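These notes concern the structure reproduced below.
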Amino acid sequence: MNSEQQIPSLKLATGIPGFDDISEGGLPQGRTTLVAGTAGSGKTIFCTQFLIEGIKQGQNGVFIAFEEPPKMIRKNVRGFGWNISHWEAENKWMFVDASPQDRSVLLVSGEYDLDPLIARLKYAIEQVNAKRVAMDSLGAIFSYVPDVGQVRNALFRLAQILREMEVTAVLTSERTSDYGDISRYGIEEFVADNVIILRNSLTEEKRHRSIEILKFRGSSHQLGEFSFTISDEGFVVIPFSTDVLKRQASIQRLTSGNRDIDTMCGGGWFQGSIILTSGATGTGKTLMAAKFAAGGVEQDEKSLLFAFEESREQMIRNAAGWGVDFRSIEEAGQLKIVCRYPEIASIESHFVNMRKQIREFKPQRVAIDSLSALERITTKKGFREFLLTFNTLVKEEGITALYTTNTVNLIGSETITQSDISTNTDLIILLRYVEVYGAIRRGIAILKMRGSQHEKSIREFTIDDKGMQIGQPYRNIMGILAGNPTYAEPDEIDRLNDLDLI
């Protein structure tokens, strides 16, 4: 092994949130990276953001526009707050306009001559002392030149010149499908040192964007697909993290907002735990979320409540009906209510917004009411990825989180949720309807609580203007959770009491 092989590749930060985590530092310095994706997958934003981050770090950039003219690119990215004209005026950014003036005219016939383009590229790099280059997109060259062999030779020559000039380059290319060939013409990936795939796939009538680093020559990176979204921050990757597994588990208890539930849980909930409250509509899930959020007041904690099914005024009104003054708590700076309709954005965009709210407000408690509303806007796989990533976020921040979720059946349910998410939670609380002599009553049970003893019985509860009132256990009724309650004979009750099963 020679000395060159022993030196790990240096990487340049891209400025794309999350991407530098999955790439373990950014794009390899002095290399060419192909970003391939279908239409609308975010290729132009990716390479634009890469150049912008370079300018922030004192590394000027050159953008070669093959498809859209610079005027359109400046206009399109203005919505992200990026003012390219400003950097051009400061001689930090330069466009090389190679876009067609008239798309109906074939620009090249006969032998393709790359020299004029290379001359313009070299001039631009020298003019702004560029360290980063973006070319968007290579597919445009193929549309001008019908001979693929000529284009192949031209691209290899172009890539070689970029390496000799020691610039870090991002080349974009079109794909015809999300899970087909890497590139439209099948040669672009062989020109570049690294290959990144962007997907915008349609599954179960729902769009899902993902990014995958397919090849990073001589450099390490994380494997697999990662979700991403395009928000007002630009291109945002949502990485997974395993650091949460190294986090210390707290033994400090905090109140749920209901003293009787605290008693059922052995003295309260552990700080930093994730609590799932499952029940049919009207069983009291939103009430539990409201009491949990308000419960932070007495412990001088801040709570953040995400509501996806009710408006802000509805939440305030309903909480008032349970004796909770959300408006006053908010005015005191100890509560923030964020209401968003689920269908207005993708699950990834919701995550980015929720993460932003958490980092700005810095709560000790977070409640989501409800997860079921988010579940319906994405695929099962997308929802699991969202939940895993959100759990990682709250665990890293040491936040205690409460989620509510709806069950399908009003009475009895075979599962806690439709997506089997219970394995990601530390504490599960079941709220159920119980039919007793033709009347509907409510029952609450602690199904599991990691690291603590808890009550095993199913208790009756009622809801009044003070909130949830916990009553006595249903000792003479069996089959509540199965949705088939039956009355037990006194002898059977005595036998189970002797076995300490109820």
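The values are calculated or read from the model by the stated rules, or taken from the named source; none is laboratory data. Owing to the predicted nature of the structure, the values given are computational and were not obtained by experimental measurement. All Cβ positions, glycine included, derive from the backbone under ideal geometry; neighbour counts span all protein chains shown. Only protein heavy atoms, including side chains, enter the accessible area calculation; ligands, DNA and RNA are left aside. Shrake-Rupley method; radii C 1.70, N 1.55, O 1.52, S 1.80 Å.
Structure notes:
- Ligands, DNA and RNA are left out, and with a 1.4 angstrom probe the accessible area of the chain is 46 Å² per residue.
- Largest to smallest in accessible area, the residues GLU164, GLU397, GLU205, GLU174 fall in the order GLU205, GLU164, GLU397, GLU174 (1.4 Å probe, all protein chains included).
- Packing, as the average of other Cβ atoms within 10 Å across residues, places the peptides 383-394, 470-481 in the order 383-394, 470-481, highest first.
- Taking all protein chains as they are arranged and a probe of 1.4 Å, the heavy atoms of PHE240 leave approximately 70 Å² accessible to solvent.
- Beta bridge orientation in the chain: antiparallel %, DSSP, nearest 5: 45 percent
- Share of carbon and sulfur in the accessible area of the chain stands at 48%, probe radius 1.4 Å.
- Relative to one another, the C-alpha centroids of the range 44-81 and the range 157-194 are positioned 18 Å apart.
- Segment PHE156-LYS56, extension gain: residue separation times 0.36 nm, minus the distance between their alpha carbons: 33.0 nm
- At full extension, ARG450 and ASN484 could sit 9.4 nm farther apart than now, given 0.36 nm per residue minus the alpha carbon distance.
- Inter-centroid distance (Cα atoms) of the range 447-464 relative to the range 373-406, Å: 23 Å
- Normalised contact order of the range 255-343, rounded percent, pairs of Cα under 8 Å and 6 or more residues apart: 29 percent
- Packing-based ranking, highest mean first, of 24-37, 52-65 given that Cβ atoms within 10 Å are counted: 24-37, 52-65
- Links that overshoot a 29 Å alpha carbon limit, given the list LYS11/LYS92; LYS56/LYS122; LYS11/LYS43; LYS381/LYS448; LYS43/LYS122; LYS11/LYS362: LYS11/LYS362
- Relative contact order computed over the chain (Cα-Cα under 8 Å; 6+ residues apart), in percent: 14 percent
- Taking all pairs of distinct alpha-carbon atoms in the chain, Kirkwood radius in angstrom: 26.1 Å
- Taking θ as phi - 60° and the Karplus parameters 6.51, -1.76 and 1.60, the scalar couplings of the range 296-301 work out to x, 4, 5, 9, 6, 10 Hz in sequence order, x denoting glycine and proline.
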